[in-house]
Structures are given as C-alpha cells and as structure tokens.
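The values are calculated or read from the model by the stated rules, or taken from the named source; none is laboratory data. Being a predicted model, the structure only gives us computed values, none of them experimental. Here the Cβ is made from the backbone with ideal geometry for all residues, glycine too, and neighbour counts use every protein chain on show. SASA here: full protein model, heavy atoms, side chains in, ligands and nucleic acids out. Shrake-Rupley method; radii C 1.70, N 1.55, O 1.52, S 1.80 Å.
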Amino acid sequence: MKRIAVCFLILSVLSGPALGAGPSISARGAVLVDGDSGRVLWSYNGEQSMPIASTTKLMTALVAYQYDPTLQSVVEIDPDWTGIEGSSLYLRAGERLTLEELLYGLLLVSGNDAAEAIAASCGGDRADFLERMNQTAAELGMTNSHFSTPSGLEDEGNYASAADLAKLARAFLAVEPLAAIAATPSATIGQRTLLNHNKLLWRYEGCIGLKTGYTQLAGRTLVSAAERNGQTLIVVTLNDRNDWADHAELLDYGFSAFPRTVLMEAGTVLATRPVSRTLPGLVTVTAKETVGCALAPGEMAGCQMELPAVLQAPLEAGEEVGRLTFTLNGQVVGETPLIVEYGVASLEAGERSLLDWLRVLWLGMD
C-alpha cells in the first residue's frame, strides 16, 4: 500500500540559544527536559552515571503502581521492615496500611521503611521487585542506570544519569495518582502528619514535585517538575549543594528560552482520502491529539505524515488510519495518530461492482 511523507514546519525566523547554553550551576550532573516531548533542552554531564540517593523512590513508586493500579491493597507491616535507618515513616510491626498510604510516606517524607515494605509486599519478595525496577528502567530507555535498592539508602550498585532520571520523571508524571501524591504539600495518614520534603512546592510557582534525596556519597539529589501556561519542564540535578536555587534558575531559563509551541491542534483537517468499497468514496482525516514542544526562537521542526493513499471500508468515526510525527535534529519531538472524522460502511459485493465502475469514471482510479 502506498504511503506518503509530507511537510516541513518552520516555527520561527529568529535566532535563539543553542543547546548547552544557560545558567551556571553547582551540580556534578544536570539536565533540563521538556515534559511534553522528552527533549533535552540543556545538559551538563547529563549522561554520566552517578549515585542518586532517594530519587530512586520514583522508580519504586512507579513499579508499585504496576503491581496494583488501584493502590488499595492492604499491607501488614513485617518487623523486618521497621527501624530502617535514615528518613522514616516510623512503621510499626503488625499495623496495616494501604499501598496508597505507604506511597505517601515514600514520596512525601522519603520513608526508607515504606520503600522496604512496598518492595517486599508488592512483588512477592524484594528480589523480584528489584528485578522489575531494572526491567522498567530498560523499557524506559534508561541505559545508564541500575537499581539495587528500593530506597536509595545504599549507593553501591544503585545509580542513574540525570538524563535517565528525567525519563523516569516523565513516566512518573504520566501516572496521575502518583503525580498527585508527589505534588501534595502535606497529608495525614492515621495519626501521622506528613510534610513534603520538597521545598520547591512552596518556593517555586507552578512546582508539581517530584523527589529529593541525600546520602553522603551521592550528595544532594533532586528531581523537580513545574507547569506554567500549559508547559511542563523537568529538572534533575545530581550532587548539587545548591539544588533549590539551581532548580529555580534552570526552570526560569527553560520557560523563558524554550516556550511551548503548538505543532498541531487536535481536530485539524490534514487530508482527504478515497475509501474503497463504499459510497461516497471520500473521507476526511484529522489529527487526534494536540502536539506541543518546547522550542527556542529560530528552531525548525520537520513533520512526516504516514497515511495510506486509499483507505479500506468499513471505518468507524475516530478510527486510527495513520500517524503524524514531528522531528527536530533527527529526534522525535511529538506525534499524534491520524483518525477519520466520520464512519463509513462497506457496501455489498454487487454494490461494490457499481462503485468500482464509478470510481474509474470520476476519480480516474483503476
């Protein structure tokens, strides 16, 4: 079946900042990433693997959700999961909490005991859970990462790059219940009042999380995300003594230098295609989703449409028949399915004979 490629989109004619320009910060590794497209807007040692401390818990939460998307399974606390050093939810042996409550303890106060309880209860045992963490990392394209602990308390064998943690953050934000927990400033769990360790929730307008971390070897680690005017940006810093200020500076830089540009609006009519085995023999094709990307002035994005030259009936309204993909510097920065605007039924065999004859006369198709 013939497919066609179309269009190049010029988004601006002005000059703009190059990738890599930007603020001077204190981190050993850092990235600024567009939440829509996953595009890296700024990087310093972004691909270098480093200890990540409790930012590990973003992966722990994501894998826990895979086991129980309802978050309502009840966990009875084993004595082995209590008394864990470092930050804690102060779990007591024998008490019963839902997975959701444990996740609040994991993400707000960085409870190492909550991490161990989640890992041991969700997958059957801790080793299985850790294996799933690494499988999920591979699926997300986190090529410079490895997880050996659900808490991040131990640094040996537990590491990631800043760019990999940004990929994890995008996947985390796509899970609405997890994103809502991480954006919560405070919560009450039974007799416990939990205050989120992420000070950017109060200090930076539009901050929606995500996770702090610290060990002596890793130093201060931080993954943050912020939303403004429909745009989401993600910042990751590793081993950064001045992380609160650095995140604010990088987010300000991103919103200013790389505003969100709408590449395609949902519902835009992109093509009309003939449809075999039906009358009338034409159908309108539209973009299913709005596509946006953070772009600097002067940048150009190309777009390619993959769509059959002739569609086959029957078709239902909203049925996907192709795909529109946007690229920048050889990398995909957005895509949307193409759908038919309305449905068409298939004609019977005898009716199709008449239709084929009419198509030859009217459309020149043989």
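Looking at the range 39-50, can you tell me whether even one residue there is open to solvent by less than 60 Å² (accessible area, probe 1.4 Å), of a type in the set (Asp, Glu) and at pLDDT 50 or above? Within the range 39-50, none of the residues are open to solvent by less than 60 Å² (accessible area, probe 1.4 Å), of a type in the set (Asp, Glu) and at pLDDT 50 or above. Scanning the range 292-314 for residues that are in a strand (DSSP E or B) and either open to solvent by 60 Å² or more (accessible area, probe 1.4 Å) or more than 30 Å from GLY343 (Cβ to Cβ) (or both) turns up CYS293, ALA294, MET300, ALA301, GLY302, GLN304, GLU306, GLN312. Of all the criteria given as (1) farther than 21 Å from LEU103 by Cα; (2) in contact (Cβ under 8 Å) with a residue 60 or more places away in the chain; (3) surrounded by 20 or more Cβ atoms within 10 Å (Cβ to Cβ), the one not satisfied by THR149 is (1).
Of note, LEU195 does not satisfy the criterion of being crowded, with 23+ Cβ neighbours inside 10 Å and either under 29 Å from GLU76 (Cβ atoms) or of a type outside the set (Lys, Arg) (or both). Reported count of residues in the range 157-174, each being out of contact with any Ser or Thr (no Cβ under 7 Å at 6 or more places or on another chain) and assigned to a loop (DSSP other than H, G, I, E, B), is 1. Every listed requirement among (1) open to solvent by 10 Å² or more (accessible area, probe 1.4 Å); (2) touching a residue at least 60 places away in the same chain (Cβ under 8 Å) is met by GLU139 save one, (2). Among the residues making up the range 217-242, none is modelled with pLDDT under 95 and either among the aliphatic types (A, V, I, L, M) or over 21 Å from ASP34 (Cβ atoms) (or both). Only residues that are farther than 21 Å from GLY46 by Cα, of a type outside the set (Gly, Ala, Ser) and either open to solvent by less than 80 Å² (accessible area, probe 1.4 Å) or part of a loop (DSSP other than H, G, I, E, B) (or both) were counted across the range 198-215, and they come to 8.
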